[in-house]
Amino acid sequence: MYARVIGTGSYLPGNPVSNNDLAARGIDTSDEWIVTRTGIRARHLAEPGTTSSALGLIAAERALEMAGISAAEIDLIIVATSTPDFIFPSTACIIQGKLGNKGAAAFDVQAVCSGFAYALGVADKFIRSGSHRRALVIGAEVFSRILDWDDRGTCVLFGDGAGAVVLEAAEQPGILATALHADGSQFGILNVPGQICNGQVTGDPFLRMDGQAVFKFAVRVLADVAEEVCATAGISAAEVDWLIPHQANIRIIEATGKRLGVDRDKVIVSVDHHGNTSAASIPLALDEAVRDGRILRGHKVLVEGVGGGFAWGAALFEF
Ligand code: ACO
C-alpha cells in the first residue's frame, strides 16, 4: 500500500512585495544586497488579521478540487505550521471546521521549515498502516508576524503563504521513501525564544538566527537526507526528475543540488518570488511546478526541508 499524491494546491496573500518596496518602507537594505545573498526578489505578506488557517484553507480547497474529492472524504488532516492561529485548538482543527469535515483526525506538526516534510512523512505512515485512506497535508505560515522588522538581517528573508497536497491510499506508488531527523543541540542557531506566561509574552517573540551557522548546517543535512531517501528507494539522486529543496536561499538550494549531482534545470526554485515561507515553501513550489506542467505523472520528485530545532526530513515520491 502506498500514499499517492492525487492533488496539489497553494495560495499566496495579496500582491508581491519587492525588495525595493521593503527599502521604501524604511528598511535599511537594497535589492542588490538581498538578491546577491539570497536570490529573493519578492515575497507576499498577509494583511493584519489574515491567519495561517485562512491561507491554508484556500490551498486545501484547491488541492481537493484537483484531486476531485470532497472535504468529507478526508479522514486525516495534518497542518505544518510555526505560526498557528491560536495556542489551541490546532490550525488543523480550525481548517477542518472551515472545510465542514467532521470526524477526520486533525493535528498540527511543529517542525518549522522542515514541517511539511515531517507532515508528509507522518501522513505516509498513517496511510501505509491502513488506518487512514485520504489525507490532507498542509503547510501554512504567516511568518511576517514573528519577524523583527528592525532586524534587516532576517526580516527581508521571509514571506507568507500556504500549500497543500491530498494523499490517497493506492496500490501503485506513491511515496517511495521518507526520512525524518532532528538535532536539538542546535536549537540556538535559529529560534523564536518567546513564551506566554500569565497573559504576557516573556522573552523575545521574534525570529533570531545565526545565518552562517544555518547555512553550513542546512547544506550538509539536505544533501545527506536526500541521499538517504534515494538509497531507501534504490535509486541514485541523478535519477530524480525533480528536486524541491526547502526554499530558504538560492545559495543553499544550488549548493545542495551540486552536492547531490542533480542538474540545475531539475531543481525547482520559487524562493525568488516567494521568499522563505517556512513550512509552506515546499508545497507552494510543488503546486507551482505541477500546475505549469513541469511535474508530470510518473515523475520522481524529491522534496526536503530543514529548519529550527534543528530538524530536517525528506520524501521521495512518484507523482
Ligand atoms: N541589507 C543590507 N545589508 C545587510 C542586510 C540587509 N538586509 N542584512 C545584513 N546586512 C549587512 C550586515 O549588517 C553586515 O554589515 P557589516 O559587515 O557592516 O556588519 C553585512 O550585511 C554582512 O552581514 P552577515 O549577516 O554576515 O551577512 P551574510 O553574508 O552572512 O548573509 C544571510 C546573511 C543571507 C542570512 C546568510 O548568512 C545566509 O544565507 N544564511 C542562510 C540562512 C538562511 O537562509 N536562513 C533562512 C531561514 S533558516 C531556514 O529556512 C533553514
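The values are calculated or read from the model by the stated rules, or taken from the named source; none is laboratory data. Note that the coordinates shown come from a computational prediction; the quantities given were computed from them, not determined experimentally. As a convention, Cβ positions derive from the backbone with ideal geometry for all residues, glycine included, and neighbour counts pool all protein chains shown. For accessibility, only protein heavy atoms count, side chains too; no ligands or nucleic acids. Shrake-Rupley method; radii C 1.70, N 1.55, O 1.52, S 1.80 Å.
Key figures
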| item | result |
| --- | --- |
| Matching residues, segment 190-215, being surrounded by fewer than 19 Cβ atoms within 10 Å (Cβ to Cβ), over 30 Å from Phe126 (Cβ atoms) and within 16 Å of the ligand (Cβ to nearest atom) | Pro193, Phe206, Arg208, Met209, Asp210, Gly211, Gln212, Ala213, Phe215 |
| Only listed residue being within 16 Å of the ligand (Cβ to nearest atom), under 16 Å from the mean Cα position of the chain (by Cα) and free of Cβ contacts under 8 Å to residues at least 60 places away in the same chain, chosen from Ile252, Ile282, Ile244 | Ile252 |
| Residue within segment 19-31 that is surrounded by fewer than 16 Cβ atoms within 10 Å (Cβ to Cβ) and hydrophobic (A, V, I, L, M, F, W, C) present | yes |
| Segment 136-159, residues that are away from the ligand (no atom under 13 Å from the Cβ) and surrounded by fewer than 24 Cβ atoms within 10 Å (Cβ to Cβ) | Ser144, Arg145 |
| Looking only at segment 255-265, and only at residues there that are surrounded by fewer than 18 Cβ atoms within 10 Å (Cβ to Cβ) and part of a helix (DSSP H, G or I), the one that is farthest from the ligand (Cβ to nearest atom) | Asp265 |
| Among (1) part of a helix (DSSP H, G or I); (2) under 20 Å from Arg4 (Cα atoms) - the single one Val303 does not satisfy | (1) |
| Residue that is open to solvent by 10 Å² or more (accessible area, probe 1.4 Å), in contact (Cβ under 8 Å) with a residue 40 or more places away in the chain and not acidic (Asp, Glu), where the choices are Ala67, Ala80 | Ala67 |
| Pair list, Cβ < 6 Å and 6+ apart or interchain, from segment 215-233 residues that are at pLDDT 95 or above to residues that are in a helix (DSSP H, G or I) and among the basic types (Lys, Arg) | Ala223/Arg259 |
| Selected residue (only one of Val112, Val166 is among the β-branched types (Val, Ile, Thr) and either more than 30 Å from Ala233 (Cα to Cα) or more than 16 Å from the ligand (Cβ to nearest atom) (or both)) | Val166 |
| Residues satisfying the stated conditions in segment 17-52, i.e. of a type in the set (D, E, K, R) and within 16 Å of the ligand (Cβ to nearest atom) | Asp21, Arg25, Asp28, Asp31, Glu32, Arg37, Arg41, Arg43 |
| Neighbours by Cβ (under 8 Å, 6+ apart or cross-chain): first from segment 121-134, in contact (Cβ under 8 Å) with a residue 60 or more places away in the chain; second surrounded by fewer than 21 Cβ atoms within 10 Å (Cβ to Cβ) and of a type in the set (Asp, Glu) | Ile127/Glu168; Arg134/Glu73; Arg134/Asp75; Arg134/Glu168 |
| Residue match in segment 1-16 (condition: aliphatic (A, V, I, L, M), open to solvent by 60 Å² or more (accessible area, probe 1.4 Å) and more than 11 Å from the ligand (Cβ to nearest atom)) | yes |
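Table: residues versus (1) among the aliphatic types (A, V, I, L, M); (2) assigned to a loop (DSSP other than H, G, I, E, B); (3) assigned by TED's automatic domain parsing to the domain that holds Ser52.
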{"position": "Ile253", "(1), (2), (3)": "yes, no, no"}
{"position": "His273", "(1), (2), (3)": "no, no, no"}
{"position": "Val290", "(1), (2), (3)": "yes, no, no"}
{"position": "Arg294", "(1), (2), (3)": "no, yes, no"}
